[in-house]
Structures are given as C-alpha cells and as structure tokens.
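In what follows, a single structure is set out as structure tokens and then discussed.
The values are calculated or read from the model by the stated rules, or taken from the named source; none is laboratory data. In this text, all values refer to a predicted model and were calculated from it rather than measured experimentally. When we count neighbours, we look across all protein chains shown, and the Cβ atoms used for this are built from the backbone with ideal geometry, even at glycine. In case anyone asks, the SASA skips ligands and DNA or RNA and just uses the protein heavy atoms, side chains included. Shrake-Rupley method; radii C 1.70, N 1.55, O 1.52, S 1.80 Å.
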Amino acid sequence: MKLFAVAALVLLVAGASVSAKPFNVGAQVTAESQPEESHISSAYSPDAIMVSVLDMLRSMFVADEPAAKTVAELADNAPANVSMLVNGVKRADLQAVIGDPNWEATIFCPSNKAFRAALFKLKIKITDLYSDKTALLNILSYHTVPGKALAAADLKDGQELTTASQHKLTVHVDKVKGTTIAGDSDAGSVVAADIRAGKAIIHVIDEVLLPPKPTAEL
C-alpha cells in the first residue's frame, strides 16, 4: 500500500511541474497579462512541493514504526553503524538485562566510527576488546545510566549523571554545538537522540568514553 502512495506522490510532483503553463517567448507582456505577485502562491513552488512530499514520506515510513519493546530487540535490528557496541553487548552476556522490557536506563551508544578511533588510540583490535570481558563490561557500564530514561529534552547543561560503573558523566548543552556528554577524559556529541526501546532511551554519540583508570591500591 505504501508503494502505491509513493508512486502517487511522485506522479503528483510530476503533474505539478507539467501542468505549469509555459511562457510564450514571442508574446507581448502587458500589464494585463503579467500575473500579480499576490496571486502567486509559494505553496506551489517546486521546493514547497518537495518539502510536503518528504514530510508525507517520513510520516508513512517512520511515524507508524512501533518502538522496540526491549533494548535486546532494538539491538537485533540495529543499523550497521552501531554494530560494534551491539556485538559487545551480546558478548558481555547482558541479554538478561537488556531483554527486560521494564529495564529503565539512558544509554549513550558510540558509533562504529567512534569505536574505530578509540581502538586506534588504545592500539588494540576489536577482537581484543571482545575477548576481555572485564574491559568490555567497564566500557559498556560507563555508557549506561541506570534507573533513568532521559530524553534529549531532559538533558540540561551542567547536569551530572551517575553511570552503572558508579562514575560521573557531565552534560553540556550548547545552542549551536548541541549536546555533548563528557567523561573523565573524553567527550562525545549526541548525533542521534531519543531512540526508545521499552523503558530505555538511547542516544548515539560520536566518541567512545573511556572510563577512568582504577586508583592503585596502597
């Protein structure tokens, strides 16, 4: 059904372009033949028509998409650009946690590009991280704020969040630069916000936040 609607929209745009009355180059332009500006509606301009079409397409393909019931369900259908974190979650044996529809949390999910940069910085391979369960859990818990499902509108400048690893993350909100989540030594900008899964909310960030090194025991 959606394909028929898309086809109709395409025909609508094409029809709007074809039905426009061509201008006769040889015709004499008079005051009577020249259209008044007030009679020309910007709603029928090509740009306005395209914006309307795009809005309708978004509503058809996005608005009726139900939110995932759990983080685990979202992970199974996650886009390829966050696959490194998703695979890490699966290897950390966290299915019982993320499979709970009542698990309430805010998750800052680094993109694959962010993970590659972090791995290069640490001089390790992703397989090394996957095989070190302790390090993997430390990183995952450092990106998770349990007990609170914070939407983008709930993130305030200067706000401190306590992670599952009991460390602090600081929120920075700038009207121009957007929202940034700062850890102990790294900060990531939110590039996609308010992805809901059950009672949890995920925000994609462009940096892996590395947890602080443990203090040496005396």
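For LYS125, the conditions (1) at pLDDT below 90; (2) closer than 20 Å to ALA68 by Cβ; (3) open to solvent by 70 Å² or more (accessible area, probe 1.4 Å) are fulfilled apart from (2).
Picking from residues in region 147-161 that are modelled with pLDDT of 95 or more, of a type outside the set (D, E, K, R) and over 19 Å from the mean Cα position of the chain (by Cα), the one that is least open to solvent (accessible area, probe 1.4 Å) is LEU161. Counting only helices (runs of 4 or more DSSP H) that sit wholly inside region 64-177, those with at least 2 residues that are farther than 17 Å from ILE202 by Cα are 112-122, 126-131, 133-142. Pairing each residue of region 154-177 that is under 15 Å from LEU140 (Cβ atoms) with any residue that is among the acidic types (Asp, Glu) and surrounded by 13 or more Cβ atoms within 10 Å (Cβ to Cβ), provided the two are 6+ apart or on different chains, yields C-beta distances under 8 Å for HIS167/ASP184. Within region 71-82, the set of residues being open to solvent by 40 Å² or more (accessible area, probe 1.4 Å) and modelled with pLDDT of 80 or more comprises just one member, GLU73.
Mind checking which residues of region 173-183 are surrounded by 15 or more Cβ atoms within 10 Å (Cβ to Cβ) and over 14 Å from PHE108 (Cα atoms)? VAL173 - this is the single residue of region 173-183 that is surrounded by 15 or more Cβ atoms within 10 Å (Cβ to Cβ) and over 14 Å from PHE108 (Cα atoms).
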